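A short write-up of the structure that comes next.
The values are calculated or read from the model by the stated rules, or taken from the named source; none is laboratory data. Just so it is clear, the structure is predicted and the values come from calculations on it, not from any experiment. Here the Cβ is made from the backbone with ideal geometry for all residues, glycine too, and neighbour counts use every protein chain on show. The accessibility values were calculated without ligands, DNA or RNA, using every heavy atom of the protein model including side chains. Shrake-Rupley method; radii C 1.70, N 1.55, O 1.52, S 1.80 Å.
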Amino acid sequence: AKIRFKNKTFLVDKINLITPNKNLIKTRGMLTFTDAGKLKVKKIMRAENIEAEDYLEKFGDTFHKGLTGKVKLLHADLEAEGRNLEEFAQTLNGKVSFNLISGTVNTAKLKQGAAILFGDGDLKSTKQKNSKATPYKNISGDFTVKNGIAKTESYLYETPETRTSLVGTFDLIHKKMKTVVGVAPLAALDKFLPQIPLLGKIIPGGDEKSL
(Lines give C-alpha, C1' and ligand atoms only; values in the text may rest on other atoms or scores of the structure.)
Protein backbone atom coordinates (compact mmCIF):
# COMPACT_ATOMS: atom_id res chain seq x y z
CA ALA A 1 0.00 0.00 0.00
CA LYS A 2 0.98 3.63 -0.51
CA ILE A 3 -0.96 6.25 1.46
CA ARG A 4 -0.21 9.96 1.95
CA PHE A 5 -1.82 12.72 4.01
CA LYS A 6 -1.99 16.27 2.62
CA ASN A 7 -4.34 19.23 3.25
CA LYS A 8 -6.89 17.27 5.31
CA THR A 9 -6.85 14.49 2.71
CA PHE A 10 -5.67 10.91 2.84
CA LEU A 11 -4.45 10.10 -0.67
CA VAL A 12 -4.52 6.36 -1.36
CA ASP A 13 -2.17 5.93 -4.29
CA LYS A 14 -2.56 2.18 -4.20
CA ILE A 15 -3.70 -0.73 -2.07
CA ASN A 16 -3.07 -4.14 -3.63
CA LEU A 17 -4.67 -7.20 -2.04
CA ILE A 18 -3.31 -10.55 -3.21
CA THR A 19 -5.93 -13.31 -3.31
CA PRO A 20 -5.16 -17.00 -2.65
CA ASN A 21 -5.07 -17.62 -6.43
CA LYS A 22 -2.35 -14.92 -6.73
CA ASN A 23 -4.54 -12.35 -8.49
CA LEU A 24 -4.84 -8.74 -7.38
CA ILE A 25 -7.63 -6.55 -6.08
CA LYS A 26 -6.37 -3.04 -6.88
CA THR A 27 -7.74 -0.01 -5.02
CA ARG A 28 -6.95 3.69 -5.02
CA GLY A 29 -8.80 6.82 -3.94
CA MET A 30 -8.93 9.51 -1.29
CA LEU A 31 -10.58 10.51 2.00
CA THR A 32 -11.07 14.23 2.64
CA PHE A 33 -12.28 15.97 5.79
CA THR A 34 -14.28 19.01 4.62
CA ASP A 35 -14.72 22.32 6.46
CA ALA A 36 -18.40 21.43 6.91
CA GLY A 37 -17.46 18.45 9.05
CA LYS A 38 -18.24 15.91 6.35
CA LEU A 39 -16.15 13.08 4.98
CA LYS A 40 -15.66 13.00 1.20
CA VAL A 41 -14.75 9.59 -0.19
CA LYS A 42 -13.58 8.58 -3.65
CA LYS A 43 -12.70 4.97 -4.45
CA ILE A 44 -11.57 3.25 -7.62
CA MET A 45 -11.29 -0.52 -7.50
CA ARG A 46 -10.52 -3.15 -10.13
CA ALA A 47 -10.23 -6.91 -9.94
CA GLU A 48 -10.07 -9.66 -12.57
CA ASN A 49 -10.26 -13.46 -12.37
CA ILE A 50 -10.69 -13.71 -8.61
CA GLU A 51 -13.00 -15.94 -6.59
CA ALA A 52 -16.10 -14.19 -5.26
CA GLU A 53 -15.48 -15.67 -1.81
CA ASP A 54 -11.97 -14.18 -1.73
CA TYR A 55 -13.42 -10.68 -2.14
CA LEU A 56 -16.25 -11.18 0.36
CA GLU A 57 -13.79 -12.47 2.95
CA LYS A 58 -12.74 -8.83 3.41
CA PHE A 59 -15.99 -8.45 5.38
CA GLY A 60 -15.36 -11.45 7.66
CA ASP A 61 -18.37 -13.77 8.05
CA THR A 62 -20.85 -11.05 7.04
CA PHE A 63 -21.56 -12.59 3.61
CA HIS A 64 -20.41 -16.15 4.39
CA LYS A 65 -21.52 -18.49 1.57
CA GLY A 66 -23.75 -15.78 0.10
CA LEU A 67 -21.98 -15.81 -3.26
CA THR A 68 -19.53 -18.14 -4.99
CA GLY A 69 -18.06 -18.29 -8.49
CA LYS A 70 -15.41 -16.65 -10.62
CA VAL A 71 -15.32 -12.85 -10.81
CA LYS A 72 -14.09 -12.24 -14.35
CA LEU A 73 -14.33 -8.48 -13.86
CA LEU A 74 -15.19 -6.09 -11.04
CA HIS A 75 -14.67 -2.37 -11.62
CA ALA A 76 -16.01 0.41 -9.42
CA ASP A 77 -15.41 4.15 -9.60
CA LEU A 78 -17.51 5.80 -6.89
CA GLU A 79 -17.55 8.92 -4.75
CA ALA A 80 -19.79 10.26 -1.98
CA GLU A 81 -19.84 12.85 0.78
CA GLY A 82 -21.58 13.02 4.14
CA ARG A 83 -21.65 12.52 7.88
CA ASN A 84 -23.58 9.22 7.89
CA LEU A 85 -24.75 6.42 5.61
CA GLU A 86 -27.95 8.25 4.63
CA GLU A 87 -25.99 11.28 3.40
CA PHE A 88 -23.47 9.04 1.62
CA ALA A 89 -26.34 7.33 -0.22
CA GLN A 90 -27.83 10.68 -1.31
CA THR A 91 -24.53 11.90 -2.76
CA LEU A 92 -23.30 8.64 -4.26
CA ASN A 93 -22.09 9.01 -7.87
CA GLY A 94 -20.03 6.89 -10.26
CA LYS A 95 -20.00 3.64 -12.21
CA VAL A 96 -19.92 -0.08 -11.39
CA SER A 97 -19.35 -3.00 -13.77
CA PHE A 98 -19.15 -6.70 -12.95
CA ASN A 99 -19.14 -10.11 -14.60
CA LEU A 100 -19.41 -13.36 -12.61
CA ILE A 101 -19.56 -16.90 -13.96
CA SER A 102 -20.28 -20.44 -12.73
CA GLY A 103 -21.27 -20.18 -9.10
CA THR A 104 -24.12 -20.05 -6.60
CA VAL A 105 -26.00 -17.17 -5.00
CA ASN A 106 -27.91 -17.16 -1.72
CA THR A 107 -30.11 -14.07 -1.72
CA ALA A 108 -31.12 -14.48 1.93
CA LYS A 109 -27.51 -14.51 3.11
CA LEU A 110 -26.59 -11.51 0.96
CA LYS A 111 -29.53 -9.49 2.34
CA GLN A 112 -28.63 -10.49 5.87
CA GLY A 113 -25.02 -9.49 5.26
CA ALA A 114 -26.09 -6.10 3.88
CA ALA A 115 -28.28 -5.54 6.96
CA ILE A 116 -25.33 -6.27 9.26
CA LEU A 117 -22.90 -4.15 7.24
CA PHE A 118 -25.15 -1.08 6.98
CA GLY A 119 -27.20 -1.53 10.16
CA ASP A 120 -30.42 -1.64 8.13
CA GLY A 121 -33.34 -2.54 10.40
CA ASP A 122 -35.72 -3.00 7.45
CA LEU A 123 -33.52 -5.70 5.91
CA LYS A 124 -32.94 -7.36 9.27
CA SER A 125 -36.69 -7.65 9.84
CA THR A 126 -37.41 -9.00 6.35
CA LYS A 127 -38.42 -12.66 6.39
CA GLN A 128 -36.39 -14.75 4.00
CA LYS A 129 -38.48 -17.48 2.38
CA ASN A 130 -35.59 -19.34 0.79
CA SER A 131 -32.17 -19.70 2.38
CA LYS A 132 -30.83 -22.17 -0.19
CA ALA A 133 -28.12 -21.28 -2.66
CA THR A 134 -29.13 -21.46 -6.33
CA PRO A 135 -26.69 -22.04 -9.21
CA TYR A 136 -26.04 -19.50 -11.94
CA LYS A 137 -24.09 -19.49 -15.19
CA ASN A 138 -23.53 -15.76 -15.54
CA ILE A 139 -24.34 -12.55 -13.65
CA SER A 140 -23.21 -9.31 -15.27
CA GLY A 141 -24.13 -5.68 -15.50
CA ASP A 142 -23.06 -2.07 -15.97
CA PHE A 143 -24.51 0.54 -13.61
CA THR A 144 -24.22 4.32 -13.49
CA VAL A 145 -25.05 6.02 -10.19
CA LYS A 146 -26.16 9.64 -9.83
CA ASN A 147 -27.21 11.10 -6.49
CA GLY A 148 -28.06 7.70 -5.08
CA ILE A 149 -30.00 6.45 -8.12
CA ALA A 150 -28.41 3.48 -9.90
CA LYS A 151 -29.37 2.89 -13.54
CA THR A 152 -28.66 -0.07 -15.79
CA GLU A 153 -29.47 -1.03 -19.36
CA SER A 154 -27.48 -4.26 -19.43
CA TYR A 155 -28.11 -6.41 -16.35
CA LEU A 156 -28.08 -10.15 -17.14
CA TYR A 157 -28.81 -13.08 -14.83
CA GLU A 158 -28.47 -16.51 -16.43
CA THR A 159 -29.16 -19.88 -14.77
CA PRO A 160 -28.95 -23.35 -16.33
CA GLU A 161 -32.67 -23.03 -17.18
CA THR A 162 -33.43 -19.37 -17.90
CA ARG A 163 -31.94 -16.07 -18.99
CA THR A 164 -33.20 -12.86 -17.38
CA SER A 165 -32.41 -9.40 -18.74
CA LEU A 166 -33.25 -6.20 -16.87
CA VAL A 167 -33.39 -2.47 -17.58
CA GLY A 168 -34.25 0.12 -14.97
CA THR A 169 -33.35 2.21 -11.95
CA PHE A 170 -32.70 1.44 -8.28
CA ASP A 171 -33.30 4.16 -5.70
CA LEU A 172 -30.72 3.43 -3.00
CA ILE A 173 -32.10 6.19 -0.77
CA HIS A 174 -35.75 5.12 -0.60
CA LYS A 175 -35.09 1.42 -1.38
CA LYS A 176 -37.32 1.43 -4.47
CA MET A 177 -36.80 0.19 -8.00
CA LYS A 178 -38.44 0.72 -11.39
CA THR A 179 -37.53 -1.94 -13.91
CA VAL A 180 -38.55 -3.78 -17.04
CA VAL A 181 -37.64 -7.46 -16.95
CA GLY A 182 -37.52 -10.05 -19.71
CA VAL A 183 -37.32 -13.77 -18.91
CA ALA A 184 -36.92 -16.57 -21.42
CA PRO A 185 -36.18 -20.31 -21.14
CA LEU A 186 -32.87 -21.19 -22.76
CA ALA A 187 -34.53 -23.81 -24.97
CA ALA A 188 -36.65 -21.07 -26.55
CA LEU A 189 -33.63 -18.83 -26.96
CA ASP A 190 -31.96 -21.43 -29.13
CA LYS A 191 -34.69 -20.79 -31.69
CA PHE A 192 -35.17 -17.03 -31.37
CA LEU A 193 -31.77 -15.67 -30.32
CA PRO A 194 -30.74 -14.79 -33.89
CA GLN A 195 -33.79 -12.50 -34.11
CA ILE A 196 -33.98 -11.04 -30.57
CA PRO A 197 -31.13 -8.99 -29.01
CA LEU A 198 -31.73 -10.13 -25.42
CA LEU A 199 -28.19 -9.25 -24.44
CA GLY A 200 -28.81 -5.58 -25.17
CA LYS A 201 -31.61 -3.28 -24.08
CA ILE A 202 -35.14 -4.55 -23.51
CA ILE A 203 -37.24 -2.33 -25.72
CA PRO A 204 -40.87 -1.94 -24.55
CA GLY A 205 -43.61 -1.93 -27.14
CA GLY A 206 -46.18 0.80 -27.61
CA ASP A 207 -48.54 -0.89 -25.16
CA GLU A 208 -45.73 -1.03 -22.56
CA LYS A 209 -45.36 -4.79 -22.95
CA SER A 210 -41.86 -6.22 -23.24
CA LEU A 211 -40.16 -9.38 -24.38
Original post:
Accessible area, 1.4 Å probe, largest first: how do 96, 183, 71 sort?
Top reply: 183, 96, 71
**OP:** Report the percentage of all Cα-Cα pairs in region 15-119 whose separation exceeds 22 Å, rounded to a whole percent.
**Re:** 40 percent
Original post:
Can you give the accessible area of residue 53 in Å² (nearest 10), computed on protein heavy atoms with a 1.4 Å probe?
Top reply: 90 Å²
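Normalising by the residue count of region 1-93, find the relative contact order in percent from Cα pairs under 8 Å and 6+ residues apart.
21 percent
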**OP:** Heavy atoms only, probe 1.4 Å: what % of the accessible area of region 1-71 goes to carbon and sulfur, would you let me know?
**Re:** 54 percent
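At a 1.4 Å probe radius, which order do 136, 55 fall into by accessible area, largest first?
Output order, biggest surface exposure first: 55, 136.
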**OP:** Can you pull the one-decimal nm distance between simple spin-label points at residue 6 and residue 77, each 7 Å off the Cα toward Cβ?
**Re:** 2.1 nm
Original post:
Could you sort 46, 163, 83 by accessible area so the largest value comes first, with the probe set to 1.4 Å?
Top reply: 83, 46, 163
Subject >> With all protein chains modelled, accessible area of residue 74 [1.4 Å, Å²] >> reply: 30 Å²
